[in-house]
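A short worksheet on the structure shown next.
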Amino acid sequence: MTKRLEPTLNWKATVDFKKHKSLLRDTQEKKHRGRLERSGPPVSPGRAQLVRKSAEKIEEILSDSSSENEEDEEPPDRRQEANADLSSEYWQIQKLVKHLKEGKEIATVIALRSIKDFNLAQETCQLAIRDVGGLKVLINLLDTDEFRYKIGSLEILKEISHNPQIRRNIVDLGGLPIMVNILDSPRKRLKCLAAETIANVAKFRRARRAVRHHGGITKLVALLDCVQSSAEPAQSSLYNARDVEVARCVALALWSCSKSYANKEAIHKAGGIPLLAHLLKTSHENMLIPVVGTLQECASEEKYRAAIKAERIIENLVKNLNSENEQLQEQCAMAIYQCAEDKETRDLVRLHGGLKPLARLLNNTDNKERLAAVTGAIWKCSISKENATKFREYKAIETLVGLLTDQPEEVLVNVVGALGECCQEYENRVLVRKCGGLQPLVNLLVGINQTLLVNVTKAVGACAVEPESMIIIDRLDGVRLLWSLLKNPHPDVKASAAWALCPCIQNAKNVKYEPVLCHI
């Protein structure tokens, strides 16, 4: 009547070991924190000095904070599960790594070449090298005197270091100091591979800090001079191809490292800005992209913008806006966006003919990253009245109004910012109204992005100066939306909304706005 029970090997764990381990760790942290809180002995002078050094260390770490949304958060370590369905390549690579560990010369060279023949862009192949301890072997091969070992190892590390987990493992195993030392090698191929691998690894703060601490920034900047010593700027087409490749890889490494303020300072002190400015005069697009990328990262700081202006870089940035390379256009537009905080730079962009190509690039909306950079450059350039007039001549106002819908926030922030600056002129305000720009602007007043709200309220307030525009804003319930933004927790949004309400109240003929005036 009852089913007979039989023994089985399919045991089930009655405890979730991950949760149990996490619970134990939390308990230990609470106990440790409790002990720290209970103990409060007087601080000795030696201990006070130690505390000060710790504070300085923390300040140094904070100075390495990224200026962009880079991969600063290190990803959790993942291992291939034992019962996972792994490809045949996984096991083949592990066999080859075991041959590397044997240390025989011929077997090592053959194994390195065989591993390189696999598709190292696949995560399975990347983790196969790591899981069997191959990263440590590859890094150890970099520390030998054998040229073939170093080349083969760097070729593999360059490919697999695109993986965030591999990057972290390379830093943990001490690979960056060895790669920095390879930059002193007389062999240009080694320099290229080492610099490009550093560029891939230095995507998070700890790696960027390690490059700087081991003298990597100074060595990288010095290598930028290899092209300059080969020929004069007028003979850039005659540059040696290998020198150009070295400069490209070095610029890639500096681009990655320049995400932190401390590294920007190191690049500036090492004389990097004049060398980058010299490379900007060449016609090698593959090299120009990381060169301009490094410059636009450094241009986020005011003192570096002054150095960029002194080197007359704006003219070359404008020239490369006319390139057919979309990535180069994006980086040049971003560099102009960073530098155009200064009025003299805005005037230089106009004098060198940079406004027209910026207006033309607005029509290409498929590449959102480039569109964000271009609209950002137009926003900053339109702060100058003369530039706003030029943008009207180039039909940029109508194009900007068309970009007020169906665009990502990073584009909308710049588009609305540009319209807010352009609408300081009467002709541009009338143009925005006639193009139907008031409706989408008022619609954006209900957003939550603080920067976007600041720009939208400024644009709506500028348009409200015109009585005809004020009638439309009132009909669209724009005044009520501006009034509601006075309750926004962000002070900049409150201030911008209050300023926008002033022309609304001045042009309003309805007494329902008197309470608003009283509150202001």
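The values are calculated or read from the model by the stated rules, or taken from the named source; none is laboratory data. All of these numbers come straight from a predicted model, not from anything done at the bench. No Cβ is skipped: glycine too gets one built from the backbone with ideal geometry, and neighbour counts run over all protein chains shown. Just the protein is used for accessible areas: all its heavy atoms, side chains included, with ligands, DNA and RNA removed. Shrake-Rupley method; radii C 1.70, N 1.55, O 1.52, S 1.80 Å.
Values for this structure:
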quantity	calculated
Segment 289-303 - residue that is hydrophobic (A, V, I, L, M, F, W, C) and touching a Lys or Arg at 6+ places or on another chain (Cβ under 9 Å) and, of those, surrounded by the most Cβ atoms within 10 Å (Cβ to Cβ)	V291
Which numbered condition W379 misses (of (1) at pLDDT below 95; (2) touching a Gly at 6+ places or on another chain (Cβ under 6 Å))	(1)
Test: residue in segment 247-260 that is of a type outside the set (D, E) and part of a loop (DSSP other than H, G, I, E, B)	yes
Residue that is of a type in the set (V, I, T) and open to solvent by 50 Å² or more (accessible area, probe 1.4 Å), where the choices are T457, T451	T451
Every residue from segment 375-427 that is open to solvent by less than 10 Å² (accessible area, probe 1.4 Å), hydroxyl-bearing (S, T, Y) and either out of contact with any Cys (no Cβ under 7 Å at 6 or more places or on another chain) or closer than 12 Å to L362 by Cα (or both)	T375, S384
Candidates V446, V411, V454 - the one that is closer than 24 Å to I383 by Cα and either at pLDDT below 90 or out of contact with any His (no Cβ under 9 Å at 6 or more places or on another chain) (or both)	V411
Residue, nearest to Q327 (Cα to Cα), within segment 257-288, restricted to residues that are open to solvent by less than 10 Å² (accessible area, probe 1.4 Å) and of a type in the set (S, T, Y)	T282
Filtered residue count, segment 304-361, keeping only those that are of a type in the set (S, T, N, Q), in a helix (DSSP H, G or I), within 21 Å of K395 (Cα to Cα) and open to solvent by 80 Å² or more (accessible area, probe 1.4 Å)	0
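Here's the yes/no breakdown for (1) under 26 Å from D117 (Cα atoms); (2) open to solvent by less than 10 Å² (accessible area, probe 1.4 Å); (3) basic (K, R); (4) not in a helix (DSSP H, G or I):
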{"site": "K150", "(1), (2), (3), (4)": "yes, no, yes, no"}
{"site": "I156", "(1), (2), (3), (4)": "yes, yes, no, no"}
{"site": "I178", "(1), (2), (3), (4)": "yes, no, no, no"}
{"site": "N181", "(1), (2), (3), (4)": "no, no, no, no"}
{"site": "R189", "(1), (2), (3), (4)": "yes, no, yes, no"}
{"site": "L193", "(1), (2), (3), (4)": "yes, no, no, no"}
{"site": "I198", "(1), (2), (3), (4)": "yes, yes, no, no"}
{"site": "R212", "(1), (2), (3), (4)": "no, no, yes, no"}
